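The values are calculated or read from the model by the stated rules, or taken from the named source; none is laboratory data. Keep in mind the model is a prediction, meaning the values are calculated, not measured. So basically every Cβ, Gly included, is an ideal-geometry build from the backbone, and we count neighbours across all protein chains shown.
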Amino acid sequence: MEFKQGDWIRIEKKGAVFEGQVMPSMEEYITIKMKSGYNAGFSMNSVQITLLESKEKNANRSIKGCEECKKTREKLPWPEKKLHKVAILSTGGTIASKIDYRTGAVTSQFTADDILAAIPELREIADFKGKVISSILSENMNSESWQNLAHVVVEEIHTGADGVIITHGTDTMMYTAAALSFMIETPVPIVLVGSQRSADRPSSDNSMNAICAALVAISDIAEVSVVMHGTTSDDFCEIHRGTKVRKMHSSRRDAFKSINSLPIGVVDYNTREIKTFIDYTKRGEKPLKFKPGMEPKCALVKFIPGADPAVLNFYIENGYKGLVLEGTGLGHVSTTWIPLIRKATYAKIPVVITSQCLSGRICDRVYDTGYDMIKAGAIEGEDTLPETSLVKLMWVLGQTNDFDKVVSMLREDISGEITESTQK
Ligand code: GLU
């Protein structure tokens, strides 16, 4: 019987039937990964094997720079079925990773089509069209990567996608989610999904996360969202607003949490139902608008007790266009930093204050230092997360050079990043 790594096969052994994907195997033995995520090994001469589906190999098209980015925008025809059309764009990260058995390390090598082959249930939910944008770990992304990705997302929506899924490394997913939230006003769902554990591990969260993401992509939630495990069990995923979400654990499957907001809702993995908790933009409510400008020369600076104010001087003197400070508590830095805040704002470098507490709202009107920071021109980031504030600042500075307009846009809620009263 002819089969190869990645093929979907059936193994019969003494009346028991096992189905799964062929893993790297040793001579005379075969290992498969089953739908449950568990691997099983068999001696070849004690089993009967049937080939169910052969793996289609996809070229590894890693895209860098704009010329190559354009190539990813070629229009591929949609399949002919009547399901929702969903574009699945792969950027890399653990959800696109597998073990490199040569080195033992996890590398980002799965393509969007590999994901579809590995999670066949996805095909019952929508008609998918896969594209590889890049095969990188998300720590290697930058504002140009967000812009390239946003161009492809917008192109997909223009050419008929009813929803877009982006598979992404989890480490910096909240930055990309925030960037897309500011750049794109969307009439359809744009869903970012990743996994904390790679596909070769029995505890991998990749298939449940991807299935929940697909359900959100065909739902009426026309927002940029992050869909990931809600608990450590395989019961539901949470749907987080792209500007209110943060990775809060390095390894747990339920690492992503909505901060200062309830999640938009949850997807029940068993019933496949979506329950929502807060107001959200509905499918078709807003026309597609794309404002891709981004100023990369912005910094997020964490204040720590005793920190030398010269840190701020570095950014001012080195041509940075905007600063976000992660202050203490309600949003404070030491009195020694205040002249530097004044120096920045005199030079028309906006300075936004956020809190390293993450949860809660900035209020620089309670203590002297806060009051003096406001007098020096600092802008309170309200209940916006520090990372979201940074991305917002980059985006606002990419839209206008008018300092007063910059300040008023920074104070305004643009994409759900500032809530009127802080929840949760
Ligand atoms: N550091 C990698 C990334 O963010 C892997 C982590 C992950 O995907 O969960 O892409």
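Assuming residue 234 fulfils every condition listed in (1) acidic (Asp, Glu); (2) in a loop (DSSP other than H, G, I, E, B); (3) modelled with pLDDT of 95 or more apart from one, which condition is it?
Result: residue 234 passes all but (3).
Of all residues in the stretch 92-126 being surrounded by 18 or more Cβ atoms within 10 Å (Cβ to Cβ) and farther than 21 Å from residue 201 by Cβ, which is modelled with the lowest pLDDT?
Only one residue fits best here, namely 113.
Quick one: would you say residue 321 is within 30 Å of residue 223 (Cβ to Cβ) and either in contact (Cβ under 8 Å) with a residue 40 or more places away in the chain or among the β-branched types (Val, Ile, Thr) (or both)?
Taking the combined requirement at face value, the residue satisfies it.
For the stretch 325-343, state whether one or more residues are in contact with a strand residue (DSSP E or B) (Cβ under 9 Å, 6 or more places away or on another chain), within 24 Å of residue 185 (Cβ to Cβ) and crowded, with 18+ Cβ neighbours inside 10 Å.
no
If only one of 227, 266, 311 is closer than 21 Å to residue 139 by Cα, free of Cβ contacts under 8 Å to residues at least 60 places away in the same chain and not in a loop (DSSP other than H, G, I, E, B), which one is it?
That would be 227, the only listed residue that is closer than 21 Å to residue 139 by Cα, free of Cβ contacts under 8 Å to residues at least 60 places away in the same chain and not in a loop (DSSP other than H, G, I, E, B).
In the stretch 150-183, which residue that is within 14 Å of the ligand (Cβ to nearest atom) and touching a His at 6+ places or on another chain (Cβ under 9 Å) is nearest to residue 254 (Cα to Cα)?
Restricting to residues being within 14 Å of the ligand (Cβ to nearest atom) and touching a His at 6+ places or on another chain (Cβ under 9 Å), the top hit is 174.
Go through (1) touching a strand residue (DSSP E or B) at 6+ places or on another chain (Cβ under 7 Å); (2) outside any strand (DSSP E or B); (3) within 16 Å of the ligand (Cβ to nearest atom) and name the single condition residue 249 misses.
Just one mismatch for residue 249, condition (1).
What number goes with the only condition from (1) within 16 Å of the ligand (Cβ to nearest atom); (2) assigned to a strand (DSSP E or B) that residue 128 does not pass?
Every listed condition holds for residue 128 apart from (1).
How many of the residues in the stretch 344-363 are crowded, with 21+ Cβ neighbours inside 10 Å and of a type outside the set (A, V, I, L, M)?
In the first step, residues of the stretch 344-363 are kept if they are crowded, with 21+ Cβ neighbours inside 10 Å; the result is 344, 349-355, 362.
The next check asks that each one be of a type outside the set (A, V, I, L, M); those that pass are 350, 354-355.
Residues that pass the stated criteria total 3.
Scan (1) hydroxyl-bearing (Ser, Thr, Tyr); (2) within 16 Å of the ligand (Cβ to nearest atom); (3) crowded, with 23+ Cβ neighbours inside 10 Å for the single condition residue 186 breaks and write down its number.
It fails just one condition, (2).
State whether the residues of the stretch 167-188 include one that is within 26 Å of residue 22 (Cα to Cα), modelled with pLDDT under 95, of a type in the set (Val, Ile, Thr) and not in a loop (DSSP other than H, G, I, E, B).
There is at least one residue in the stretch 167-188 that is within 26 Å of residue 22 (Cα to Cα), modelled with pLDDT under 95, of a type in the set (Val, Ile, Thr) and not in a loop (DSSP other than H, G, I, E, B).
Name every residue in the stretch 367-424 that is touching a His at 6+ places or on another chain (Cβ under 9 Å) and crowded, with 16+ Cβ neighbours inside 10 Å, in order of residue number.
From the stretch 367-424, those touching a His at 6+ places or on another chain (Cβ under 9 Å) are 367, 369-370, 373; that's our starting set.
Across the stretch 367-424, the qualifying residues are 369, 370, 373.
Looking at the stretch 286-297, can you tell me whether even one residue there is closer than 19 Å to residue 413 by Cα, free of Cβ contacts under 8 Å to residues at least 40 places away in the same chain and assigned to a loop (DSSP other than H, G, I, E, B)?
The answer is no; no qualifying residue exists.
Suppose we keep only residues that are away from the ligand (no atom under 15 Å from the Cβ) and among the charged types (D, E, K, R) within the stretch 131-147. Which one would you say is modelled with the lowest pLDDT?
Result: 131.
I'm trying to understand the selection: among the residues of the stretch 138-161, which are in a loop (DSSP other than H, G, I, E, B) and buried (at least 20 other Cβ atoms within 10 Å of the Cβ)?
Kept after step one, since they are in a loop (DSSP other than H, G, I, E, B), are these residues of the stretch 138-161: 141-142, 159-161.
The answer is 141, 161.
Residue-wise test of (1) more than 16 Å from the ligand (Cβ to nearest atom); (2) under 20 Å from residue 254 (Cβ atoms); (3) not charged (D, E, K, R).
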| residue | (1), (2), (3) |
| --- | --- |
| 195 | no, yes, yes |
| 198 | no, yes, yes |
| 209 | no, yes, yes |
| 215 | yes, yes, yes |
| 222 | yes, no, yes |
